[in-house]
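Peer 1: One structure is given below, represented as structure tokens, and several questions about it will come after.
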Amino acid sequence: MVRAKSTKILSLIMAVVMAAALSCVFCFDRAYAETDGEWQYTVVGGNVDITGYIGTSTNITVPAKVDGKNVYSVSALFNNSSKRKVTAVTISSGIKALGNGVFSDYTALTRITLPDTLTTVSANAFYGCIGLTGIKLPYSVTTIGESAFMNCTSLISADLTCRASEIPAKIFDGCTKLATVTLPPYITGIGASAFNNCGNLNAVTIPESVKSIGSNAFANCTKLASISFPAELKTIDEAAFTGCSLLTTVFLPNKVKTISEGSFRGCTNLKEVYVSPSVNMVKTDAFYGCTNLQRVIFGGEYVKLSGVFDVSSIPEVYYAVKYASSWDTYTGKKQSYNAVASMTITGKTSLNEGAKMTVSVNAKPASCQFGDIYTLTSSNTNVATVSRDGIVTAKSAGTATITATSINGTTGTLSVKVVPSAPTGLKVTPKSTSSVDISWKSTGAAGYYIYRSTKKSSGYKKIDTALTTSYVDKGLTKGKTYYYKVVAYVTSDGKKIESATSKVASVKVTSPTPTSVSATKSKRGVATVKWSKSAGASGYEVYMAKSSGGKYSLVKRIASGSTLSYKKTGLTAGKTYYFKVRSYIVVNGTKVYSPFTKVVKVKV
């Protein structure tokens with residue numbers, strides 16, 4: 001019995017040892033905790049995550065490296081009351097993520113500096129940071145978590161000009177002093193309660209890409225006096241704008257189908273609502289408590305309005321004459337109107353990149369009503385954008401259609417072509433006695449047309465197309481002068497759009513400039529200048545100056561294309577001299593020179 005018991009104990013010990021050994025073998029897949037000076041961290045799958053700070057500073061810079069390892073994320077600094085003493089935090093460049101609640105309740109924090117490597121700000125990251133007055137997210141951020149800045153009660157401004165695709169729920173919920181906010185340009189949705197109880201918010205521009213606005217998103221934003229909905233908007237959830245007591249006018253664009261329950265409840269200064277033909281349902285209490293609502297203009301057919309308005313202040317309903325029969329069943333105050341029959345947009349049809357213009361919208365017939373109520377959209381915001389007051393901004397080369405849509409769904413369009421910027425910095429240099437190198441600067445073009453002439457102001461012919469910003473023109477006449485210009489183009493909708501022409505550059509076809517040149521002291525008061533061979537050269541000229549800004553004079557003409565050095569004697573010992581070289585060819589008894597080499601200097 002004793003022997004059997006001993007055997008069992010030994011087996012158990014061996015099992016524990018083997019398990020420990022296996023754990024060590026596979027430990028590279030697990031997180032392990034380390035300390036480097038003031039920093040505690042873990043490594044998971046090769047990624048370093050800061051998990052603690054054991055220093056005493058209240059102005060903290062989170063390092064990009066610990067123990068020689070790159071820091072990927074920050075999960076925590078403190079887990080005790082010390083966090084409430086921290087006044088400033090700088091996240092070093094290279095760090096990509098801030099973890100859940102990483103700075104939650106840092107109540108003394110007044111300044112946070114974020115790097116342009118940051119991609120993720122997780123949920124509750126700055127929850128309850130009541131000392132923060134401003135926040136700017138770097139453009140690199142692609143993900144923002146829920147409640148990231150919730151209850152930051154001193155926050156006044158927020159710049160979220162980043163690459164995030166959604167505004168998450170409750171991001172600024174309870175930020176009672178928030179007055180201005182800039183949203184990411186390409187978001188598609190604004191989450192529930194995103195700006196709930198932001199009572200000081202007085203202006204916000206909702207990007208044209210937004211398709212949905214969540215429940216209570218702007219609830220109780222009591223200083224929000226106006227709101228412009230993007231044309232792409234499809235969904236406004238329950239109570240999205242409840243309690244926005246300064247709103248006076250609302251225009252619901254042509255993709256919204258439902259006005260949800262309590263959407264504008266308690267908007268006590270709301271006077272007019274414009275409803276596009278796409279809306280087919282208005283839910284209970286959508287405008288309850290809108291005690292100053294005077295009229296609601298519908299662009300389409302009858303929509304059931306039972307229980308929608310405050311019974312003490314039912315507005316007058318307007319509907320287009322063409323839909324009169326469908327509105328016969330509506331028993332409230334109503335009136336028909338002459339709808340827009342056609343719309344036209346006038347403005348320039350061609351703009352240079354970066355240019356702006358203001359379009360004009362005209363509605364017909366002249367007797368129509370509400371012709372000045374419309375939305376403006378661009379079919380391609382990468383090419384051109386249009387503001388709600390008609391300012392078109394050319395972004396990049398291509399074509400875009402600007403569309404105006406009236407309250408009753410009538411549209412007018414203007415096609416705008418954005419012309420690419422002309423190439424700059426055109427430079428032409430000899431490559432051989434029958435070819436030249438051409439180069440220029442340009443970005444964003446699909447290709448380039450190269451034009452050549454033997455006259456500066458006329459006679460240009462397209463000689464070729466290039467796909468890069470350089471070209472070699474061959475088969476030229478030795479000693480002759482040629483003029484060049486370049487046009488950029490892009491392809492849009494199967495058509496090429498050309499830029500204006502570049503400035504003209506000229507060149508005489510001759511031997512190329514020597515590619516290298518040097519000057520060395522051969523002995524006291526003597527300098528030796530050497531250069532590389534220039535293909536086809538008849539000879540070379542060496543020029544010298546006595547100072548960097550001095551006048552260069554010819555010191556030697558060498559009538560041989562194979563002689564590649566010159567020794568200059570009689571120089572003042574200890575003085576510095578400057579040299580440059582050019583090659584030449586002889587055409588009909590006349591020398592044709594290359595450009596000079598770079599300047600080299602030597603102290604003799």
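The values are calculated or read from the model by the stated rules, or taken from the named source; none is laboratory data. Since the model is a prediction, treat every value here as computed from it, not as a measurement. Positions of Cβ are generated from backbone atoms using ideal geometry, with glycine treated the same way; all protein chains shown enter the neighbour counts. Note: accessible area is taken over every heavy atom of the protein model, side chains too, but ligands, DNA and RNA are not part of it. Shrake-Rupley method; radii C 1.70, N 1.55, O 1.52, S 1.80 Å.
Peer 1: Helix 2-25 versus the longest principal axis of the chain: what is the Cα-based angle in degrees, 0 to 90, to the nearest 10?
Peer 2: 60
Peer 1: In whole percent, how big is the carbon plus sulfur part of the accessible area of the chain, probe 1.4 Å, protein atoms only?
Peer 2: Its accessible area is 49 percent carbon and sulfur atoms.
Peer 1: Quick one: Karplus J couplings for region 489-502, per residue in order, coefficients 6.51, -1.76, 1.60, θ = phi - 60°, nearest Hz, x for Gly and Pro?
Peer 2: Using θ = phi - 60°, the values come out as 9, 10, 10, 9, 6, x, 10, 8, 10, 9, 7, 5, 6, 6 Hz.
Peer 1: Right, another one. Could you compute the FRET efficiency for Arg524 and Ser562, with r as their C-beta to C-beta distance and R0 at 35 Å, rounded to 0.05?
Peer 2: Here the calculated transfer efficiency is 0.75.
Peer 1: Hey, another quick one. Take the residue pairs Lys96/Lys223; Lys395/Lys462; Lys485/Lys601; Lys480/Lys546 and return only those whose Cα atoms are more than 32 Å apart.
Peer 2: Result: Lys96/Lys223; Lys485/Lys601; Lys480/Lys546 exceed 32 Å.
Peer 1: Kindly provide the trypsin sites (Lys or Arg not before Pro) of region 547-583 that DSSP labels as loop, not H, G, I, E or B, and whose Cβ sees at most 16 other Cβ atoms within 10 Å.
Peer 2: For trypsin sites (Lys or Arg not before Pro) across region 547-583 that sit outside H, G, I, E and B with at most 16 neighbouring Cβ atoms in 10 Å, the list reads Lys551, Lys575.
Peer 1: May I pose another question? Label point 7 Å out from Gln335 along Cα-to-Cβ: which residues of region 361-396 have amide N under 17 Å?
Peer 2: 367-373
Peer 1: A further question on this structure: Using Stokes-Einstein with the Kirkwood hydrodynamic radius over Cα pairs, what translational diffusion coefficient do you get for the chain at 4 °C and a viscosity of 1.567 mPa s, in µm²/s rounded to a whole number? Mind showing how you got there, number by number?
Peer 2: Values: Rh = 31.3 Å.
D = 41 µm²/s.
Peer 1: Then there's this: Viscosity 1.567 mPa s, temperature 4 °C: what is the translational diffusion coefficient of region 204-352 from Stokes-Einstein with a Kirkwood Rh over Cα pairs, rounded to a whole number of µm²/s? Intermediate results must be reported in sequence, preceding the final value.
Peer 2: Details: Rh = 15.9 Å.
In µm²/s, the coefficient rounds to 81.
Peer 1: Please go through the residue pairs Lys136/Lys255; Lys441/Lys598; Lys322/Lys417; Lys523/Lys580 and name each one whose alpha carbons sit more than 27 Å apart in this structure.
Peer 2: On the way: Lys136/Lys255 32 Å; Lys441/Lys598 22 Å; Lys322/Lys417 36 Å; Lys523/Lys580 20 Å.
Those over the limit are Lys136/Lys255; Lys322/Lys417.
Peer 1: For Lys65 and Ala88, FRET efficiency with R0 = 25 Å and r from the beta-carbon atoms, rounded to 0.05?
Peer 2: Working: r = 21 Å, r/R0 = 0.83.
Calculated transfer efficiency: 0.75.
Peer 1: Computed FRET efficiency, Cβ-Cβ of Ala203 and Lys478, R0 51 Å: what is it to the nearest 0.05?
Peer 2: 0.15
Peer 1: Still on this structure, I have one more. Grab the alpha carbons of region 302-373, take their convex hull, and tell me the volume per residue in Å³.
Peer 2: For region 302-373, the hull spanned by Cα atoms encloses 153 Å³ per residue.
Peer 1: Rounded, prolate or oblate: which fits region 310-429, taking a ≥ b ≥ c as square roots of the Cα gyration tensor eigenvalues, rounded meaning a/c under 1.5, else prolate when a/b beats b/c?
Peer 2: prolate
Peer 1: Determine the distance separating the Cα centre of region 266-334 from the Cα centre of region 507-557; give it in Å without decimals.
Peer 2: Their Cα centres are 87 Å away from one another.
Peer 1: Could you check what % of the DSSP bridge pairs in the chain are antiparallel, to the nearest 5? Don't skip to the end; give the middle numbers.
Peer 2: On the way: 98 of 150 bridges.
The antiparallel fraction comes to roughly 65 percent.
Peer 1: Hey, what's the chain come to in accessible area per residue, 1.4 Å probe, Å²?
Peer 2: 47
Peer 1: Could I ask something else about it? Spelling out what I want: for every residue of region 151-168, take phi, set θ = phi - 60°, compute 6.51 cos²θ - 1.76 cosθ + 1.60 (Karplus), and round to whole Hz; glycine and proline get x.
Peer 2: In residue order, the calculated couplings are 6, 7, 6, 9, 5, 9, 9, 9, 10, 10, 6, 9, 9, 5, 9, 9, 9, x Hz.
Peer 1: Next question. Quick check on the chain: helices-only [θ] at 222 nm, where DSSP H runs of length 4 and up contribute -39,500 (n - 2.57) each and the sum goes over total residues. Nearest 500, please.
Peer 2: -1500 deg cm²/dmol
Peer 1: Do the alpha carbons of any pairs in Lys356/Lys496; Lys456/Lys533; Lys503/Lys568; Lys177/Lys283; Lys461/Lys508 sit beyond 29 Å of each other, and which pairs?
Peer 2: Values: Lys356/Lys496 22 Å; Lys456/Lys533 31 Å; Lys503/Lys568 41 Å; Lys177/Lys283 32 Å; Lys461/Lys508 18 Å.
Over 29 Å apart, Cα to Cα: Lys456/Lys533; Lys503/Lys568; Lys177/Lys283.
Peer 1: Which whole-Hz ³J(HN,Hα) couplings does region 267-274 yield from phi under the Karplus relation 6.51 cos²θ - 1.76 cosθ + 1.60, θ = phi - 60°, glycine and proline marked x?
Peer 2: 7, 5, 9, 5, 10, 9, 10, 10
Peer 1: Going by amide H atoms built from the backbone, whose H comes under 5 Å of the H on Thr119, apart from near neighbours?
Peer 2: Ala97
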